[in-house]
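Read the structure below first, then the notes.
The values are calculated or read from the model by the stated rules, or taken from the named source; none is laboratory data. Worth saying up front: this structure is predicted, and the values here are computed from it rather than measured. Ideal geometry is used to build each Cβ from the backbone, glycine not excepted, and the neighbour counts take in all protein chains shown. Ligands, DNA and RNA are excluded from the accessible area calculation, which covers all protein heavy atoms including side chains. Shrake-Rupley method; radii C 1.70, N 1.55, O 1.52, S 1.80 Å.
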Amino acid sequence: MELDSNELLSLLHSPDPPPGHTSLAARLRWTPQRYVAAKEELLKLGLVVLGHRGSLKRVSPPPGWVTRDVNGNDIEPWEFVPASTKESALYGPVVQTLRKYWQKESESIPPAGVHDTANSGSKRTGGRWSRPDATVVRLRKFKYVPGEFLEVSTIEVKPFNAIDVSAVYEAVAHRRAATHAYVAVHVPAHLSAALRSDIKAVRSVAAAHGVGFIRFADPADHSTWKYVLDAERVEPDPQKLSRFLSEQVMGEKVVSRPTATMGFGE
């Protein structure tokens, strides 16, 4: 389904949709041609019918209704999705899913801790694009490598109506104080074909910058999650990493103090 069709369907599912084609197009601020294209797709999919005097009426999808992906394979049954989704509505279920399913490896000691850093209130952030939506902290060790290694992974979450490459640059900015950075995008199953070019662009830029890429149809259903790209490890400045953990994860107020320096030749 195209994004315009989904938006028109959302309006038809609202409590008091406009009564006719002209008023529907006006409410959406669309040209007649744009409205007709969306209307025709919904009619073809059987999600609307023409009512009295040709007015557009919503219908409930029949039981077992499925759509198909670009290869002609059946995908998830269609479920109504609003015309837009607030990013903040995704934070809670994304964090809960990460807490339950983030890749638990035998080398992680203790299990990974997942933190909702988007809703950290008035905590200091350190500048633009410095507060990720979620943060995963874990300590790892490896069989053939001595020592223990701290991993701080940030996740930037984007809803389907706000997928663009700027999310990758936000994630790159997070690496000032993290070892790994990810972008996680919301891709409802019935909109996957319409979002294909946006997803491809984000994936390409993410790969070029070593940023991980995750996509999910339902933030609360891990079976709909796909880990597309792993994030490359970077080594941030230890002071910035410590400050980030103190302020954003632990909620501590850090007060900067001048440190004594020794000049050469003294």
Task: Integer Hz, Karplus 6.51/-1.76/1.60 couplings in order for the stretch 143-158, x for Gly and Pro - done: 4, 10, 10, x, x, 10, 10, 7, 10, 10, 10, 9, 10, 9, 9, 9
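With a 1.4 Å probe and every protein chain kept in, tell me what percent of the accessible surface of the stretch 129-168 is carbon plus sulfur.
Working: 1020 of 1690 Å².
That share works out to 61 percent.
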Open item on the list: A 23 angstrom limit on the alpha carbon distance is what I want to check against. Which of Lys100/Lys141; Lys200/Lys226; Lys158/Lys200; Lys39/Lys158 exceed it?
Closed with: Lys39/Lys158
Task: Theoretical gain in end-to-end length, His52 to His222 [0.36 nm per residue, Cα-Cα removed] - done: 56.9 nm
Open item on the list: So, R0 is 41 Å and r is the distance between the beta-carbons of Glu2 and Arg140; what FRET efficiency does that work out to, to 0.05?
Closed with: 0.40
Open item on the list: Keeping all protein chains in the complex and leaving out DNA, RNA and ligands, what accessible area do you get for Ile163 with a 1.4 Å probe, in Å² to the nearest 10?
Closed with: 20 Å²
Open item on the list: Per residue of the stretch 175-185, what does 6.51 cos²θ - 1.76 cosθ + 1.60 with θ = phi - 60° give for ³J(HN,Hα)? Whole Hz please, x for Gly and Pro, Karplus curve as stated.
Closed with: 6, 4, 9, 8, 8, 9, 9, 10, 10, 10, 10
